[in-house]
Amino acid sequence: MRKKIFWALAIFSLMIFSLINAFPVKAIEKPKNYPTRSIEVVVGYGAGGGSDLFARAVVEEAKKIVKVPMVVVNKPGAGGVVALEYLQSQPADGYTIWAGSSTVLVTAGLLGTTKYQYTDFQPIIRAQLDTMMLLVKAGGKFKNIQELIADAKARPGQQSWGVVGLAHGYTAFIADSFVRAVGITPKIIPFDKAGQQHASLLGGHTDAMLEEPGAALSLIEGKKVIPVAVFAENRVPIFPDVPTTVEMGAKEVLGIYRGIVVKKGVPEDIVRYLEEVFTTAINTPSYKKYEKESFLDWRKGYLNSKDFAEFMRKDAERATEFFKRTGVYQIKK
């Protein structure tokens, strides 16, 4: 009897799952005359990195809703500024969308690498809040975080950490609380593409790299790199032996956040429509699968447009304090 009940429940669950996935996503009311043509989705970094993977995963679901082509275009350069300025050069009509790491939208203007500030953009949704990791080359000169810290203290300002973005950008901001807690001053080496950053570490040109779990997973599984620290409050289940930065004294844990943003001035009805489209997209089974496989479900990421705007405002305040303290704050006129 129990066996029959088990199989009946299994078949019923399978039928429900099939029905859910067989039906199209819910209909969302469109604004008048939008969209009527292809939408360009701009990524400020190269192929294969976290922003690129996010953009392609969310666009795959969103285009099923909008019923027009959505084309992902990578425009790496200057730590995301090339794409940021491209977005600002386009009409505020909803046909050019930013998808990916939104940290540069806050930091670039504060560093003077662009005249645009975060207030020149309209947030749609925040989709992710990722967890940063510090990794070293497997079989290299460092086996754990203690050895890395000892070397950094022996060579002030010489130990090199690779990042994707700007040398004094958001990833350096993320690292700040930790490096101050342990008393080291690593040299930050910037890269426009994750592949370049990875190759530099594997080639022995940098001592460590700051990277997200999803983007580094294949290297970890291939035993090419090893994580030595996780920027988190608690240890993560997949790496239970890797200490957290909070354990070592860090008082703040930031992370790369990704989302959907448009140029300020896009009509309100289009903003609301895009918010509903992308909120629906990130809640589809396919996107959730990508999110889980990339370890992006470790922290709550979603914020609606209003809350995302407030988050960016507070983040800009924190970043301004950091950039002023480190002497790199500069507003471009």
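Observations
- For the stretch 132-248: rounded, prolate or oblate by the Cα gyration tensor [a/c cutoff 1.5]: rounded
- Among Thr245, Thr36, the order by Cβ neighbours within 10 angstrom, fewest to most, reads Thr36, Thr245.
- Counting lysine pairs in the stretch 101-232 whose alpha carbons fall under 24 angstrom apart, excluding pairs fewer than 8 residues apart on the same chain, gives 18.
- Per DSSP, loop trypsin sites (Lys or Arg not before Pro) in the stretch 30-125 with at most 16 further Cβ within 10 Å: Lys32, Arg37, Lys67, Lys115
- Inter-part distance where the stretch 168-215 and the stretch 127-154 are each reduced to a Cα centre, Å: 9
- Neighbour-count ranking [beta-carbon atoms within 10 angstrom, fewest first] of Asp297, Asp192, Asp130: Asp297, Asp192, Asp130
- Residue order, fewest to most surrounding Cβ atoms within 10 angstrom, among Phe311, Phe191: Phe311, Phe191
- Of the trypsin sites (Lys or Arg not before Pro) found in the stretch 132-175, those that fall in a DSSP loop while having at most 16 other beta-carbon atoms within 10 Å are Lys141, Lys143.
- Within a straight-line Cα-Cα reach of under 14 Å, Lys306 can be paired with the following aspartates and glutamates, leaving aside sequence neighbours fewer than 8 residues apart in one chain: Glu268, Glu275, Glu276.
- Packing-based ranking, highest mean first, of 161-168, 265-272 given that Cβ atoms within 10 Å are counted: 161-168, 265-272
Every read-out reported here was derived from the displayed coordinates using simple, explicitly stated rules and does not represent laboratory data. Given the structure is predicted, the values throughout are model-derived calculations rather than measurements. Neighbour counts are summed over all protein chains in view; Cβ atoms, including those assigned to glycine, are modelled from backbone coordinates with ideal geometry.
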